[in-house]
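See below for the structure under consideration.
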């Protein structure tokens, strides 16, 4: 338990992207929430999403948001995505191995550049 608390404290002090891996049901989200709560981001939102629970097109619009008229059925006002919602907080992406290749590529770009583009804004 003391080792886990030391790990949480260590990672809570960084602004780096953290990869937590492990089998299903091993407490990855609880660990991520603990790191968030011990960090300077504690007053920001903690946003968790299961990437394996949605169709790729829906997940993409949920993660990145979209501008007005980006696709048929899009809100005329557009929509903020979860990445923007988690700004100054933490986003926890569960089951990222379930992402299709194009979405994995987009996620990699977010991690490398730390910038997002809403759907339809390019």
- [ ] Counting only C-alpha contacts under 8 Å and six or more residues apart, can you give the relative contact order of the range 2-122 as a whole percent?
- [x] 28
Open item on the list: With the cut-off at 1.5 for a/c, could you classify the range 1-69 from its C-alpha gyration tensor as rounded, prolate or oblate?
Closed with: oblate
TODO: Could you work out how far helix 101-113 tilts from the main Cα principal axis of the chain, as a 0 to 90 degree angle to the nearest 10?
DONE: 60
Task: Helix 2-12 vs. the chain, principal-axis angle (Cα, 0 to 90°, nearest 10) - done: 40
Open item on the list: What is the angle, in °, between the Cα long axis of helix 28-38 and the longest principal axis of the Cα atoms in the chain? Nearest 10 is fine, range 0 to 90.
Closed with: 80
- [ ] Work out the FRET efficiency for residue 29 and residue 87 from their Cβ-Cβ distance, taking R0 = 22 Å, and round it to the nearest 0.05.
- [x] 0.65
Task: Correct option for Kirkwood radius over Cα pairs in Å [calculated from the coordinates] among (i) 17.3; (ii) 16.0; (iii) 15.6 - done: (iii)
Task: Paramagnetic reach from residue 97 in the range 50-67 [backbone N under 13 Å; point 7 Å along Cα→Cβ] - done: 52
Task: Distance from the range 101-122 to the range 36-52 (C-alpha centre basis), Å - done: 19
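Every number here is computed from the coordinates shown, using simple stated rules; none is lab data. Predicted model, so just to flag it, every value in this text is computed and none were measured. When we count neighbours, we look across all protein chains shown, and the Cβ atoms used for this are built from the backbone with ideal geometry, even at glycine.
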